[in-house]
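Written out below as structure tokens is the structure these notes cover.
Nothing in this text is a laboratory measurement; each read-out follows from the coordinates by a stated rule. What you are looking at is a predicted structure, and each value in this text was computed from that prediction instead of being measured. Don't worry about glycine lacking a Cβ; one is built from the backbone with ideal geometry, like all the others, and counts go over all protein chains shown.
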């Protein structure tokens, strides 16, 4: 089985992904299988992560140094984890000791799912409260031109998992359908059939396990 891309994301304080690459190599990932995305955490585009997610096959393992090197939010992380699980791909987070091939690792991801659902409910509740407050102030037609990052991630998840239609998502956030479509087009966080997902920083690929690194 391949050991795939580890992804390292560089922050302003740490622009050097070398320590992440070293950790991935020590974890058994071949250097040529490590892919690196060089972008800030606020930037959604992660071509190397997308590449790794396309390369991964059933029985492979995706390795990263930390969870925050893999995902921008809990919602996105849970969605990505569910996609990997469906495809028969394991996830190994080196520094945090998470390995979904073990019962403990799967349990930890289950807890993340609960937190993601809570976050989702809070986003919806806050959105509804904001709309109600706007209506109370007479701003009936003041729809927001875009979604927040968390709202965009939630919209992507609801759309990918077919829980709601684009119209229902638009109604939920009080925005036009065109706004929802615009965010879905940019996010591309979850692959549909055939599955494909979004990428970031350093990543590597090798048949048997897959690592990922963000710079």
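Given a Förster distance of 25 Å, report the FRET efficiency between residue 167 and residue 86 from their Cβ-Cβ distance, rounded to the nearest 0.05. Can you show the working numbers first?
Numbers: r = 26 Å, r/R0 = 1.06.
Efficiency, rounded to the nearest 0.05: 0.40.
Can you sort 177, 31, 46 so the residue with the fewest Cβ neighbours within 10 Å comes first?
Lowest to highest Cβ neighbour count: 31, 177, 46.
If each of residue 178 and residue 128 carries a label point 7 Å out from its Cα toward its Cβ, how far apart are those two points in nm?
With each label point 7 Å from Cα toward Cβ, the separation is 2.9 nm.
Measuring from a point 7 Å past the Cα of residue 146 along Cα-to-C-beta, which residues in region 44-77 have an amide N at less than 15 Å?
44-45
Using the 10 angstrom Cβ neighbour count as an exposure proxy, how do 64, 52, 124, 175 rank, fewest first?
Final ranking by Cβ density, sparse to dense: 124, 175, 52, 64.
Can you give the extra length, in nm with one decimal, that the chain gains between residue 68 and residue 96 once fully stretched, where that is 0.36 nm per residue apart less the Cα-Cα distance? If you can, show how the numbers build up before the last one.
Values: separation 28, 0.36 × 28 = 10.08 nm, distance 1.06 nm.
Taking residue 68 through residue 96 to full extension adds about 9.0 nm, to one decimal.
Tell me, 73, 178 in order of fewest to most beta-carbon neighbours within 10 Å? Present the calculation step by step, with values, prior to reporting the outcome.
On the way: 73 18, 178 10.
The order, fewest Cβ neighbours first, is 178, 73.
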